[in-house]
Amino acid sequence: MRKRLIALLQHPFAPLLPWGGIAIGLFVALIFVQSIGLADLQAKRQRVEAEWETVRQSLVHHREARNAAKDLTQVWALLPGERDFGPLALGISDEAKREGVVLPALSYKTEPTTVAHTTKGLLQGSMSGRYEDLRRFIHDLETADELLFIEDLELNRAGSLQNAALTFNIKIATYLRADHEKRNIQEIIH
């Protein structure tokens, strides 16, 4: 064995053998450190990244919920109360008179909705007047502070073409918030 070792050390590549042994040793040490030390650090890093992503998503959802609650509060403030529905119909009739629109019989009723603590208020009837007055009245309804929707507007063809007055059937809807209790916005959301 000794002769074999001496013969091996006499070859021209013999000075590279110690360096090759060091390289192999370092490679083994690298694999050992990677498998033992870095694998644990990688797993810990992945776990921390997953937790960070979860917390970030939670924060985003929390901000979206807060913004939605703020938006809902603004919409809720626009809704008239149930006890304000009668005066709202009277106000619409008064506005029609100011604009020169005849609104003889405006009937109103309420319907339940699928949204908690709200009902749908419907105002319907016929209105007649000159085109300019009707257009101004409808514009005033659409730009009112209350949340009003014109659900249906149907022209009646009963009049003659020479008559300047037009007659429409109109259906106006709004949503009413329940007045019997003062509810917190958080109760309404959940």
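List every residue pair whose Cβ atoms lie under 6 Å apart, where the two residues are 6 or more positions apart in sequence or sit on different chains, the first residue falls within segment 123-140 and is assigned by the TED database to the domain that holds I92, and the second residue, located anywhere, is in a helix (DSSP H, G or I).
If the second residue must be in a helix (DSSP H, G or I), the pairs left are L123/A89; F137/A96; D140/E95.
State the number of residues belonging to segment 156-187 that are open to solvent by 60 Å² or more (accessible area, probe 1.4 Å), within 27 Å of G129 (Cβ to Cβ) and modelled with pLDDT under 65.
Of the residues in segment 156-187, 5 are open to solvent by 60 Å² or more (accessible area, probe 1.4 Å), within 27 Å of G129 (Cβ to Cβ) and modelled with pLDDT under 65.
Can you find, within segment 66-102, the residue that is farthest from R130 (Cα to Cα) among those that are free of Cβ contacts under 8 Å to residues at least 60 places away in the same chain and touching a Phe, Trp or Tyr at 6+ places or on another chain (Cβ under 9 Å)?
Residue satisfying both the conditions and the ranking: G86.
The values are calculated or read from the model by the stated rules, or taken from the named source; none is laboratory data. Quick caveat: nothing in here was measured; it's all calculated off a predicted structure. Reconstructed Cβ throughout: ideal geometry from the backbone, glycine too, with neighbour counts over all protein chains shown. Note: accessible area is taken over every heavy atom of the protein model, side chains too, but ligands, DNA and RNA are not part of it. Shrake-Rupley method; radii C 1.70, N 1.55, O 1.52, S 1.80 Å.
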